[in-house]
Amino acid sequence: MNIRSSVVLITLILALVGAQASTRGVNGQTSAVPPQEAATFDIGVPAGDAYQPLSAVVDAARGRAYVYHADSAERRPVISVIDLAAGEVQRVIRLSATAAGGRGSLLLAASGQLLLVDAERRELWSVNPDRGILASLLSDVQDAALSPDGRTLYVTGPSGLAAYGLADLAARRAAIWETAGRFDRLAASAEQVVVLDRSAAGQRDLVALDAATGDEIARVALSDDPVALSAGPDRTWAAIMAGRRSSLRLFDAALKQTHEAAIPYASDLSYDAPRERYLLEGFRATADRGENVILGFAARDLTPAGERAWPGAAAPGLFLNWGTDRLLGYTRYGSARLVVLDAQLKPVSRVITGVRALDMALDDAAGRLYVADDHDRVHVIGLPDGREIGLWEGGPPLALDVAHKRLYVDRPDGVVALDERGAVAARFPQHGYPAPDPQRDLVYIVASGVTLYDLAGTRVGTLPSTFPRAGGLVPNVYAQAARVNPVSGHLAVVINNGVPGSNNSSFLRIYPPRVDAPTAPPGVVSFVTDIAFGPTGNVYVAYSPTKNMDALQLLDRTGRELRRLAGRTGQIALDPIAGRAYLLTEGLVTRIDPDTLTPVEFWQGPDDLERMVFSPRRAAFYVYGSAPVIRALPLADLKPVDMAPRPGAPPRDASLQSLAATSDGQGSWLIANYGSGLYRTRDGRRWEELPVGTMASWGDVTVADRGVLFWTGQGAYGGDGVWRSTDAGATWQFLGDGLGDLRPTDGVAADRADRAYVADRALGLLRWEPLRRRWEAISPRPEAASDVGKLILAPGGQELFHSAWETLRKSTDGGRTWQELEPPAASGSIIGFSGAYTATRTLFGMWGDAGQELMRSTDGGTSWSPLDLGLDLSSDYYPPDIASAGSDIYLLARPYADGPSVLLRSTDGGDTWQQALDADTDGVQRIAVAADGALWAGGSAGLRALDPVRIAWGAAATPTVAASSLPASAATPQPTFAACTQPLDATDAATARLEPKLGCPTGPAQALDMARQRFERGQMFWRADAAVIYVLDAAGTWQGFADSFREGQPESDPRLTPPAGRWQPIRGFGKVWREQPGAARAAIGWATEAERGAPGVVQDWDGGVVIRMDAATFILLADGTWRMQ
């Protein structure tokens, strides 16, 4: 593992523990320091920080370089103006785009005119670098290239390729010549223009055109895609080809291939004209894990023409000439800087264009904050004034050993220990994650295993169990990082599970000092992201939200689990002086109980948070985000999270998840859950937003009498537990004590403030105990989170129903005892009750193993009968919405396809039904009945009142009511399929009956490790056995793609910034999403949740694939369509 990238993925905090550890420092002082005022410490470029350089040009006449950056500290594209002689950024030109992730390139004309091609906006601009003013020259421009003399501009756009004289362009004259087609990969020489022609489906022809006339000179069909193209000497051309192996190929003027050279994978190609060679950068394997290398190839025959191994940080991959004896190099990703190289590719100097902080360490007693940046520097900042008192060589990960007065940093030749003056106290002959033991002459360094050293840097042993087995098969575990418990000396080691792809994760092992005899605490199928140690040696662990397995864990010093709280994560801070613990995520600071991990208080936190340290002596956090600014956040300055109602209506295109009515002393309220927000209104016109919770992006609301509301929400960093309001959302109280998971399933079952139940994924079924003010278990712990099921409270509050897989039961004493009922099918749940349930005992449910149907019980759930209302509820409609008042029962069936919803009414408990004939139900998604009997209908377009008296009701289909119940044990008649070579079980037979196009199974169903991620307009599935990713879009079509992601490839595209509440998919899902048109952002949108792994069942059929996952069945037909059962 590259330790410089791993520190971004896994950041471990060593909290100062105990009175001795929290006060002992370099000067030995022990007096408390009062909190300081908030301040900011800027370690960035004075002119402004610019990142992701995508294009650069040199203006030799003015001694300048101009660089286009896709990102900046302001999260927008910019152009940096660099004084090459001074080696510094003079100014930053802010471009009009307001979000990071631009795609631009710069050109410099012979006259010195600076041009910007904005591929995002398809616009060509003239840039005045002195005044920072842009003027539009040409629209519909995707790419551009200048002739060598800098006088002719060649541009590609949606309609084809064109040539313009620069002088004519400013005067708005017509093009010199134009040719139609779909082109990219543009390059130009004095005589020719070469482009890649993609005009026809599957076409990739390299075409040479006459530069003066645009006439085609030569054409060649390519078997592989060129990823980079460059002009060379004497009308020759070079291209990097991406096929089964990466190669550099040379073409003559007729586009005949003349030479080829094997190269490492590379994405950029530059021509060094003074030395007539091509330059590229790649990664090549060595006996010791590999290295970055810059390679030169002679432009006439591709023989080697220079080589430079580049240790440490990413090597520059793009090059441009600065005179005849120097080059400027830069890389699109990683550290933002220009590197000055001599003709032998040796680095001479550098110009830093943007700084990012990567790690921090705090010596609280000495008043020193150490900040490592992405240019191998450590900024030593004095506290509290924030003055920089030192700048030392070294990079992350940082490890501070206060007892021995050492700071451990990483350098190109390995880990070094620095004393309090920055001098080298010891050198260690390897890179890795340092973990010094403050009580012993012992330093652990982790690099795919743990190696032991003494303080002088002498190797004294290893922990063999932390290294991968040589030649071992997957899974082949290895150590990633570690921290020493300063109280007991135990070593907490983060172990990677060694499984590539979407099922990769990490876990914790605890080792006694120097001893290879670990304990393995109960883990979480996720990633360890933070560790902190308490004053008694207890270990606090945080797990990533990846795979929806975020959690906090409390262990004793030996690794025995004391407490676990699922559904919340973040960076952990401990205050041994005050005996408190804190959790930081973006936008939120949470105080948690250090013994139970339960959230106690919530404050507004920094919106941009990447790393945090806490100062107990100053009662303040020090944080940084994407900008190179460290902020001091005193606890005393934090403000509580504001949950007061505020004016605001739901977004016009939001989907209505639930609608219910309640009342307070002033009248009725309608409570509408629009997925990403909770709202209330009295009349459907004037709205208030209810900003309940601290991190929820979506959630469930339960509405009870007299203004009582319960809210359970989830977001990017876990769940919000349970919030309760007794005044229709005006104020809220957190009910978290006793929960094992802050992401309850399906909301709260409640009919009043102190009679509430919740299904907890970790602890099972819970009841609220008002006298103890905590949740208490009323069932055993579930074996798996999916087994917990759903709770439903009947009107009147005396009967509590619990449904799960093959389970239906009822309690009449608050869950103390249960009556087992026979469910109509293995899968299903109760969806509603009659308004007079205590008298009629009538309730409704959707049940079925392969396509659910509406069913009714008139004896409190003991027996069930199907209701055939003339609607195919199993396939054409969403699960129906039921609202009741007195003897009236309303049922809304919303179709999957466009069109009005169907509104039905029964006034006799469901024996007969009437259909609304003239009600406006177009776009209606939910219904509710207010206390005054008014019927409200709602959807994306808002709410409207429907008067049942004024609606014309017509007879609906007469329900088919069986005389007896349909228990799950009643055998379903099985069709026979003579063509199938193997008998079909009940599930397969039902699937085949509903989808005849499937034909027969080609083999048995397989239980597999799978992954799933939902998107704005679709979803993705990954199956482990075939390494295939299925993309299902909202239009009902699907495609399958090979999972081509490999370890070491970029997990995501840093140029893409998702909107709030959305995710950019990563790893295999992300690669397909970015590269495949059918799975692109335009097709299925941004992800609406993080990727999560879960078991699933996959079965291949003659006519498609059947996936069963998350209690749902997805049928992918061979004709490219799909449906869900």
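The values are calculated or read from the model by the stated rules, or taken from the named source; none is laboratory data. Keep in mind that this is a model prediction, so the values were computed, not measured. Heads up, the Cβs are rebuilt from the backbone with ideal geometry, glycines too, and the neighbour counts pull from every protein chain shown.
Looking only at the range 556-570, count how many residues are surrounded by fewer than 24 Cβ atoms within 10 Å (Cβ to Cβ) and closer than 24 Å to L362 by Cβ.
Residues in the range 556-570 being surrounded by fewer than 24 Cβ atoms within 10 Å (Cβ to Cβ) and closer than 24 Å to L362 by Cβ: 1 in total.
Quick one: which of V460, V474 is modelled with pLDDT under 95 and either in contact with a helix residue (DSSP H, G or I) (Cβ under 8 Å, 6 or more places away or on another chain) or surrounded by fewer than 21 Cβ atoms within 10 Å (Cβ to Cβ) (or both)?
V474
Please find, among A239, A262, A228, A266, the residue that is over 20 Å from R185 (Cα atoms) and free of Cβ contacts under 8 Å to residues at least 60 places away in the same chain.
Step by step, each of A239, A262, A228, A266 is checked, and only A262 is over 20 Å from R185 (Cα atoms) and free of Cβ contacts under 8 Å to residues at least 60 places away in the same chain.
Collect the residues in the range 609-630 that are part of a strand (DSSP E or B) and among the small types (G, A, S), keeping them in residue-number order.
Residues satisfying the conditions are S615, A620.
Filter the range 1002-1019 down to the residues that are under 23 Å from G1103 (Cα atoms) and among the basic types (K, R) and list them by number.
Within the range 1002-1019, R1012 is the sole residue that qualifies.
Can you name the number of the only condition in (1) under 17 Å from L108 (Cβ atoms); (2) at pLDDT 90 or above that F183 fails?
All conditions pass for F183, except number (1).
Checking L407 against (1) crowded, with 23+ Cβ neighbours inside 10 Å; (2) out of contact with any Gly (no Cβ under 9 Å at 6 or more places or on another chain); (3) in contact (Cβ under 8 Å) with a residue 40 or more places away in the chain, which test does it fail?
It fails just one condition, (2).
Considering each residue of the range 132-165, count those that are of a type outside the set (G, A, S), over 16 Å from S111 (Cβ atoms) and either modelled with pLDDT of 95 or more or out of contact with any Gly (no Cβ under 6 Å at 6 or more places or on another chain) (or both), and give that number.
So the answer is 9.
How about the range 287-399: which strands (runs of 3 or more DSSP E) wholly inside it have at least 1 residues that are surrounded by fewer than 18 Cβ atoms within 10 Å (Cβ to Cβ) and free of Cβ contacts under 8 Å to residues at least 40 places away in the same chain?
Here the list reads 291-298, 304-310, 326-330, 336-342, 347-354, 377-382, 388-393.
Step by step: first the residues of the range 502-517, then only those that are of a type outside the set (G, A, S) and either crowded, with 21+ Cβ neighbours inside 10 Å or closer than 30 Å to R1014 by Cβ (or both), then the one that is farthest from the chain's Cα centre (by Cα). Which residue is that?
Here the answer is Y511.
Find the residue count for the range 711-726, including only residues that are modelled with pLDDT of 95 or more and surrounded by fewer than 20 Cβ atoms within 10 Å (Cβ to Cβ).
1
Being in a strand (DSSP E or B) and modelled with pLDDT of 95 or more is the filter here; which residues of the range 508-521 pass it?
Here is the first cut: in the range 508-521, the ones in a strand (DSSP E or B) are 508-511, 519.
Of everything in the range 508-521, those that are in a strand (DSSP E or B) and modelled with pLDDT of 95 or more turn out to be L508, R509, I510, Y511.
Can you tell me which residue within the range 420-453, out of those that are in contact (Cβ under 8 Å) with a residue 40 or more places away in the chain and over 37 Å from the mean Cα position of the chain (by Cα), is nearest to L391 (Cα to Cα)?
So the residue we want is G422.
Residue by residue through the range 522-578, note down the ones that are among the aliphatic types (A, V, I, L, M), assigned to a strand (DSSP E or B) and more than 20 Å from L739 (Cβ to Cβ). Even if it seems obvious, please write down each step before you answer.
From the range 522-578, those among the aliphatic types (A, V, I, L, M) are 524-525, 528, 531-532, 539, 541-542, 549, 551-552, 554-555, 562, 565-566, 572-574, 577-578; that's our starting set.
Adding the requirement that they be assigned to a strand (DSSP E or B) leaves 528, 531-532, 539, 541-542, 551-552, 554-555, 562, 565-566, 572-574.
Hits for the range 522-578 are V528, I531, A532, V539, A573, L574.
Pick out, from the range 779-894, the strands (runs of 3 or more DSSP E) lying fully within it that include 1 or more residues that are within 25 Å of A989 (Cα to Cα).
800-804, 807-811, 828-833, 843-847, 853-857
What's the total number of residues in the range 999-1040 that are in a strand (DSSP E or B) and either surrounded by fewer than 20 Cβ atoms within 10 Å (Cβ to Cβ) or not basic (K, R) (or both)?
Within the range 999-1040, the subset in a strand (DSSP E or B) is 1001, 1006-1015, 1018-1023, 1028-1033, 1037-1040.
Those still in the list that are either surrounded by fewer than 20 Cβ atoms within 10 Å (Cβ to Cβ) or not basic (K, R) (or both) too: 1001, 1006-1011, 1013-1015, 1018-1022, 1028-1033, 1037-1040.
The qualifying residues number 25.
In the range 79-131, which residues are in a strand (DSSP E or B), modelled with pLDDT of 95 or more and small (G, A, S)?
Result: S80, single match.
Select from the range 476-505 the residues that are in a strand (DSSP E or B) and out of contact with any Ser or Thr (no Cβ under 8 Å at 6 or more places or on another chain) and list them in ascending order.
Result: A482, R483, V484, L491, A492.
Just for the range 257-286: of the residues that are among the small types (G, A, S) and outside any strand (DSSP E or B), which one is surrounded by the most Cβ atoms within 10 Å (Cβ to Cβ)?
If we take residues in the range 257-286 being among the small types (G, A, S) and outside any strand (DSSP E or B), then A266 is surrounded by the most Cβ atoms within 10 Å (Cβ to Cβ).
Looking at (1) part of a strand (DSSP E or B); (2) touching an Asp or Glu at 6+ places or on another chain (Cβ under 9 Å); (3) at negative phi, which is the only condition V701 fails?
(2)
List the residue pairs whose Cβ atoms are under 6 Å apart, where the first residue sits in the range 860-874 and is in contact (Cβ under 8 Å) with a residue 24 or more places away in the chain and surrounded by fewer than 15 Cβ atoms within 10 Å (Cβ to Cβ), the second is among the hydrophobic types (A, V, I, L, M, F, W, C) and assigned to a loop (DSSP other than H, G, I, E, B), and the two are 6 or more positions apart or on different chains.
Close Cβ pairs (under 6 Å, with a partner that is among the hydrophobic types (A, V, I, L, M, F, W, C) and assigned to a loop (DSSP other than H, G, I, E, B)) amount to G870/A957.
A quick yes/no check of all residues on (1) at pLDDT 95 or above; (2) surrounded by 23 or more Cβ atoms within 10 Å (Cβ to Cβ):
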{"residue": "S465", "(1), (2)": "yes, no"}
{"residue": "L491", "(1), (2)": "yes, yes"}
{"residue": "V499", "(1), (2)": "no, no"}
{"residue": "F527", "(1), (2)": "no, yes"}
{"residue": "T546", "(1), (2)": "no, no"}
{"residue": "D550", "(1), (2)": "no, yes"}
{"residue": "A581", "(1), (2)": "yes, yes"}
